[in-house]
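The values are calculated or read from the model by the stated rules, or taken from the named source; none is laboratory data. Everything quoted here is computed from the prediction, not taken from an experiment. Cβ placement follows ideal geometry from the backbone for every residue including glycine, while neighbour counts extend to all protein chains displayed. SASA here: full protein model, heavy atoms, side chains in, ligands and nucleic acids out. Shrake-Rupley method; radii C 1.70, N 1.55, O 1.52, S 1.80 Å.
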Amino acid sequence: MKKYIIAMVCAAFAAVMLCVGVGADTVASGECGADGDNLTWVLDDAGTLTISGEGEMEEWSLSSKVPWNSYRSEIKTAIIGNSITNISRSAFEDCSSLTHVIIGNSVTNIGRWAFDDCTSLTNVYITDLEVWCNIEYANSSSHPLNSNGGNLYVDGVLATDIVIPDSVVAIGEYAFYKCRRLSSVTISDGVMSIGAATFYECSGLISVIIPDSVTIIGDYAFYECSSLANVTIPDGVTSVGKFTFAGCSNMTSVTMPDGTTNIGEYAFANCRSLTSVNVPGSVTSIGSSAFFRCYKLSSITISRGIISIGDDSFSGCVSFKKAVVYSPTVVWGTDVFSTTHADFTIHGYVGSTAQTYAETNSHPFKALVEDSGIHGDATGDGKTNPLDLVYFQRYLSNWDGYDETKVCTAALDLNLDGRADAADATILARHIAKWIGYETLPYTPA
């Protein structure tokens, strides 16, 4: 039944497209192909501009050179034929009355400013999602929905829940730029990269499933996806680029994989509902303003591997009460923790750059338990025994006084996943009880 309904919708869509221009008179026409007559254009008195033929569109040096330049304000619908391979620079720039664009399935690139200032354009029609994912845009103004955002239709059906086919290897830059009715995206296994600004300002996007095959997520990929609640970044991704999730104001949690080495500038800025974030032990740098104005974020743990933290990284995090810094030599930017909670405290090692930073910027400082270098030594007394398990369990249960200043959590990541949690407590208990296979710490399963 569902397939039948979709087929009927597509048939109706096709009928409407066939009727466009029927009974209308020609206002102007001419050639617009790279080889002259390989492409032709016709504008009718209903405001429909139809480009027909095969191959490339001519490249114009100035918008005034576009052959329909004097008719831009009259164009309401643009139809790009199925055998046309590109849309040239400034082709529809300043077409202020343009509301609908139908793009054929042979277009591979769209030139700079092709749809710049098309302030009424809110509907784009395509027939092939794979082709659409592979279109190369010269810049953001190349995308038909760049001015106000709007609707993408695939075979006449409004794209709200889409599946990126496994035939797509890379989702191109700007592919779903400002497609604001898009609500869920499932990316098939086999896709290896998500381009820059791919889902930029998809404000209706609630969920996205990213497979383990993805190893690259571009800058601005999910910028201002204000309905996106949570995301899990695949294991193969090693860098979270600049502005990648900035402005995802409904996001409450994000999980970054072990192996992540860099968190780019403004990566999670203005994620105002974000309450928890794991920074894996593999991360070496946190960029400027990476978590700027994450209002609900209350704490962060900085591992030993961190080399640098950029300017304003946690500035404006008004609920921020604690930063636990295990790196003794981290290089600090300016105003890293400005405008945080009144009770904000930095926990770090005595003599570390964290202590220097805290004292220089008038932040309270608490000393961490020194790491003896022995795995499982929660008390820092140079040995592992049942008392360490007691301390660890009280730390996990949030007992008063059993925080990082009394419990050496740096010694308690016993499965080397970048954090000290209940799984590590289980390993420690089995080690102390002399379970077979748990004789040596850290624990590495056979």
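Length gained on full extension, Ser167 to Thr252: 27.4 nm, using 0.36 nm per residue less the C-alpha separation.
Between the beta carbons of Glu370 and Thr215, assuming R0 = 51 Å, the FRET efficiency works out to 0.85 to the nearest 0.05. Among the lysines, which fall within straight-line cross-link reach of Lys65, defined as a Cα-Cα distance under 23 Å, with same-chain neighbours fewer than 8 residues apart omitted? By straight Cα distance, Lys65 reaches Lys76. Set against the labelled values (1) 14; (2) 36; (3) 28, percent of Cα pairs over 40 Å apart computed from this structure falls on (2). Distance between the modelled labels on Thr339 and Asp37, one decimal in nanometres: 6.5 nm (7 Å Cα→Cβ projection). Each Lys and Arg Cβ is given +1 and each Asp and Glu Cβ -1; about its Cα centre, the stretch 161-229 then shows a dipole of about 240 debye.
When both bridge partners sit in the chain, DSSP labels roughly 20% of those beta bridges antiparallel.
Can you list the lysines whose alpha carbon is less than 24 Å from that of Lys321, not counting same-chain residues fewer than 8 positions off? Hits, sequence-local ones excluded: Lys296, Lys366, Lys406. Counting only protein heavy atoms and using a 1.4 Å probe, what share of the accessible area of the stretch 163-312 belongs to carbon plus sulfur, as a whole percent? In the stretch 163-312, the share of accessible area belonging to carbon and sulfur is 48 percent.
For Asn105 and Glu439, FRET efficiency with R0 = 60 Å and r from the beta-carbon atoms, rounded to 0.05? Given R0 = 60 Å and the Cβ-Cβ separation, E is 0.45. Only lysines eight or more places from Lys434 in sequence, or on another chain, were considered; those with a Cα closer than 20 Å are Lys383. Ordering Ala46, Ser73, Thr85 by the projection of their Cα atoms onto the charge dipole of the stretch 27-99, which places +1 on the Cβ of Lys and Arg and -1 on the Cβ of Asp and Glu, puts Ser73 at the extreme positive end. Accessible area per residue was computed with a 1.4 Å probe on protein heavy atoms; Glu370 scores about 100 Å². Taking every C-alpha pair closer than 8 Å and separated by at least 6 residues, the mean separation divided by the residue count of the chain gives a relative contact order of 6 percent.
Against the criterion of solvent-accessible heavy-atom surface with a 1.4 angstrom probe, Lys242, Lys178 sort, most first, into Lys242, Lys178.
Here the accessible area of the stretch 343-428 is 50 percent carbon and sulfur, with a 1.4 angstrom probe and all protein chains present.
In plain terms, the chain from Ser188 to Ala229 could stretch by 12.7 nm, reckoned as 0.36 nm per residue minus the Cα-Cα distance.
Ser29 sits with roughly 80 Å² accessible to a 1.4 Å probe, with DNA, RNA and ligands left out of the calculation. In terms of the mean number of neighbouring beta-carbon atoms within 10 Å, the peptides 337-344, 113-120, 264-271 order highest first as 264-271, 113-120, 337-344. Placing +1 on the Cβ of every Lys and Arg and -1 on the Cβ of every Asp and Glu, with no other charges, gives the chain a dipole of roughly 1360 debye about its Cα centre. With contacts taken as Cα pairs under 8 Å at a separation of at least 6 residues, the stretch 340-446 carries a relative contact order of 20 percent. In plain terms, the chain from Trp399 to Glu59 could stretch by 115.4 nm, reckoned as 0.36 nm per residue minus the Cα-Cα distance.
Looking at the stretch 264-381, the accessible area is 39 square angstrom per residue; that uses a 1.4 Å probe and ignores ligands, DNA and RNA.
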